[in-house]
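In what follows, a single structure is set out as structure tokens and then discussed.
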Amino acid sequence: MSKLNVGSMILATAILAVPVLAATPDNSAANSPANANPAATAPAPHAPPGMATTGPATTHESAAAAQHPSPPKYMTSDDQVRVGKLIGSTVYNDKDQSIGSIDDVLMSHDNKANTAVISVGGFLGMGSKLVSVPFDQLKIEKDKIMMPGATQDALKNMQEYKYNT
């Protein structure tokens, strides 16, 4: 066999193995057809053929989610900011447009966050620019960081921030 054929066979084997490796472990008792909830897997009368929808289980799950909202991503239960969760998070303006991501939060000597370093522009970290803004210009909500009135172009036009390294 030539090297090309062996290489092609290895590539084909790898491609075929990906779905197997990506499969999640199944709990045979929990996932067996005998234990399946028929109401949860039966297609709804208005669903297109072959498309299963969940009936009463979805309604129950939605009600449970409404009763128990997800915990805040950036805040603690006593309304303190989790700075470690901010790093790398996307910053949006009041028009819900992504304007950058938080690269760092700088603290003063009195242990108060006073500056946010935001990465703007670029693609996948390449060609981006760091700028610094006063931390109090950020509005940190339950699961979103906003900078009202800001635009990506305005941030790109700011002076570049450089660390002393």
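If you go through segment 111-156 and keep only what is touching a Lys or Arg at 6+ places or on another chain (Cβ under 9 Å), over 30 Å from SER77 (Cα atoms) and among the charged types (D, E, K, R), you end up with LYS129, LYS156. If you go through segment 79-121 and keep only what is on the phi > 0 side of the Ramachandran plot and surrounded by 13 or more Cβ atoms within 10 Å (Cβ to Cβ), you end up with GLY100, GLY121.
Being in contact with a Phe, Trp or Tyr (Cβ under 9 Å, 6 or more places away or on another chain) and loosely packed, with under 14 Cβ neighbours inside 10 Å: is that true of LYS142 here? Criteria met by LYS142. Residues that are in contact (Cβ under 8 Å) with a residue 40 or more places away in the chain and among the hydrophobic types (A, V, I, L, M, F, W, C) within segment 142-156 comprise ILE145, MET146, MET147, ALA150, LEU155, listed in sequence order.
Every number in this text was worked out from the coordinates using simple rules, so none of it is lab data. Worth saying up front: this structure is predicted, and the values here are computed from it rather than measured. Glycine gets a Cβ as well: all are built from the backbone with ideal geometry, and neighbour counts include every protein chain shown.
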